[in-house]
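The values are calculated or read from the model by the stated rules, or taken from the named source; none is laboratory data. This structure is a prediction, so every number in the text was calculated from the model and none was measured. Note: ideal-geometry Cβ built from the backbone for every residue, glycine included; neighbour counts use all protein chains shown. Just so you know, the surface numbers come from the protein's heavy atoms only, side chains and all, with ligands and any DNA or RNA stripped out. Shrake-Rupley method; radii C 1.70, N 1.55, O 1.52, S 1.80 Å.
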Amino acid sequence: MSSTILLWSLTLSQWMLVAAMSCATFRVLRGPRAQDRVLGLDALYVGAMLLVLTFGIRNGSTIYFEAALVIALLAFVSTAALAKFLMRGEVIE
Amino acid sequence: MTGLDDFPLWAAILVSLLLLVGSGLTLLGTIGLVRFQSFYERVHAPTLGTTCGAGGILIASMLYFSVLQSRIALHEVLITLFVTVTTPVTLMLLARAAIYRDRTEGKVDMPQALSGKAPSRVETTSPDDAPAAKG
């Protein structure tokens, strides 16, 4: 009973996260300016991190947690670097 | 998920609710990202996913592993802390970059800089905090 509830809600929430990532991808591809694309990329990173966490719940393994932590770190670094690039035209000066 | 039939029912219902609320709020945030009209409206929308969405899924994961391993598993607090600290920083950097780009292009509907300072960061820094700004 409880495994059925968990399995169905995990599947539904993974599909919702995939839909969220497709909306973010739409904004990355379609965004009228560069800052819209960077914002979509940030939302895409967050969706990927949450999707990896739900895969961890589904498999019952805590290894996925470390992958999610690495994705969160990469999201911060890449968005900060791209914002710096949009601001100044170079990342390291 | 086959050996989980002795998983308690209250924990399964709670984990499912938290998962559905978290992923639903993330989806709502990205729908806002698609549907809003200007960049300054759009920059608000995905924060729904990084606060409530990530919070819901991380609490669900914490609860699930705590009940599954019969001990308190709190390592997801690390991701919560990291996301909570870094999201405002990156989005403020991005919004400032967008304001700078819009001002240098001379868009008409942009508000002017406060107290008449130039938008460039080099000219707004006062001499006493210039070394901190360089690092």
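If I compute solvent accessible area with a 1.4 Å probe over the protein chains, what percent of it on the stretch B:9-107 is carbon and sulfur?
So the carbon and sulfur contribution to the accessible surface is 72 percent.
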Check: Expressed as a rounded percentage, what relative contact order does the stretch A:2-88 have, with Cα pairs under 8 Å and six or more residues apart?
Finding: 26 percent
Margin query: What is the distance in Å between the Cα centroid of the stretch B:1-63 and that of the stretch A:1-76?
Written below: 10 Å
Note to self: Please list the three semi-axes, largest first and in whole Å, of the ellipsoid equivalent to the protein assembly as shown, using sqrt of 5 times the eigenvalues of its alpha carbon gyration tensor.
What the structure shows: 39, 19, 13
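Could you work out the helix-only [θ] at 222 nm for chain A, with each DSSP H run of four or more residues adding -39,500 (n - 2.57) and the total divided by the number of residues, to the nearest 500 deg cm²/dmol?
It comes out at -31000 deg cm²/dmol, rounded to the nearest 500.
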Next item on the list: Estimate the FRET efficiency between residue A:8 and residue B:103 by the formula 1/(1 + (r/R0)^6), using the beta-carbon distance for r and 35 Å for R0, to the nearest 0.05.
Entry: 0.10
Checklist line | Residues listed by number, the stretch B:31-71, amide nitrogen under 14 Å from residue B:78 label point at 7 Å toward C-beta | finding: none
Item checked: Net charge contributed by nearby residues that have their C-beta within less than 13 Å of residue B:82 (K/R +1, D/E -1) -> -2
Checklist line | Inverse of mean 1/r across different Cα pairs in the stretch B:37-89, Kirkwood, Å | finding: 12.4 Å
Checklist line | Shielding by other protein chains, A:34-41, mean Cβ within 10 Å | finding: 5
Note to self: So with the 1.4 Å probe, I'd like the accessible area per residue for the stretch B:9-107, rounded to whole Å².
What the structure shows: 48 Å²
Checklist line | Size of electric dipole in the protein assembly as shown: Cβ of Lys, Arg +1 and of Asp, Glu -1, about Cα centre, debye, nearest 20 | finding: 520 debye
Note to self: At R0 = 35 Å, how high is the FRET efficiency between residue A:91 and residue A:59 if r is their beta carbon distance? Nearest 0.05 is fine.
What the structure shows: 0.40
Margin query: Which residue, B:92, B:79, B:65, has the largest displacement toward the positive end of the dipole of the stretch B:9-107 when charges sit on each Cβ (Lys, Arg +1; Asp, Glu -1)?
Written below: B:92
Check: So which residues in the stretch A:1-19 end up with at least 40 square angstrom less accessible surface once the other protein chains are there, compared with the chain by itself, probe 1.4 angstrom?
Finding: A:2, A:3, A:5, A:6, A:9, A:16
Next item on the list: Could you tell me whether the stretch B:1-89 comes out rounded, prolate or oblate from its Cα gyration tensor? Rule is a ≥ b ≥ c as square roots of the eigenvalues, rounded for a/c under 1.5, then prolate if a/b exceeds b/c, otherwise oblate.
Entry: oblate
Check: Per q in 0.23 1/Å, what log10 I(q)/I(0) does a Debye calculation on the alpha-carbon atoms of the stretch A:3-48 return?
Finding: -0.70
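With +1 on the Cβ of every Lys and Arg and -1 on the Cβ of every Asp and Glu, and nothing else charged, how large is the dipole of the stretch A:2-88 about its Cα centre, in debye rounded to the nearest 20?
That gives a dipole near 360 debye.
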Next item on the list: Measure off 7 Å from each Cα along the Cα-to-Cβ vector at residue B:14 and residue B:68, then give the distance between these two points in nanometres to one decimal.
Entry: 1.6 nm
Next item on the list: Give me the Debye-computed log₁₀ of I(q)/I(0) at q = 0.17, 0.22 Å⁻¹ for the stretch A:2-88, equal point scatterers on Cα only, no solvent, two decimals.
Entry: -0.75, -1.02
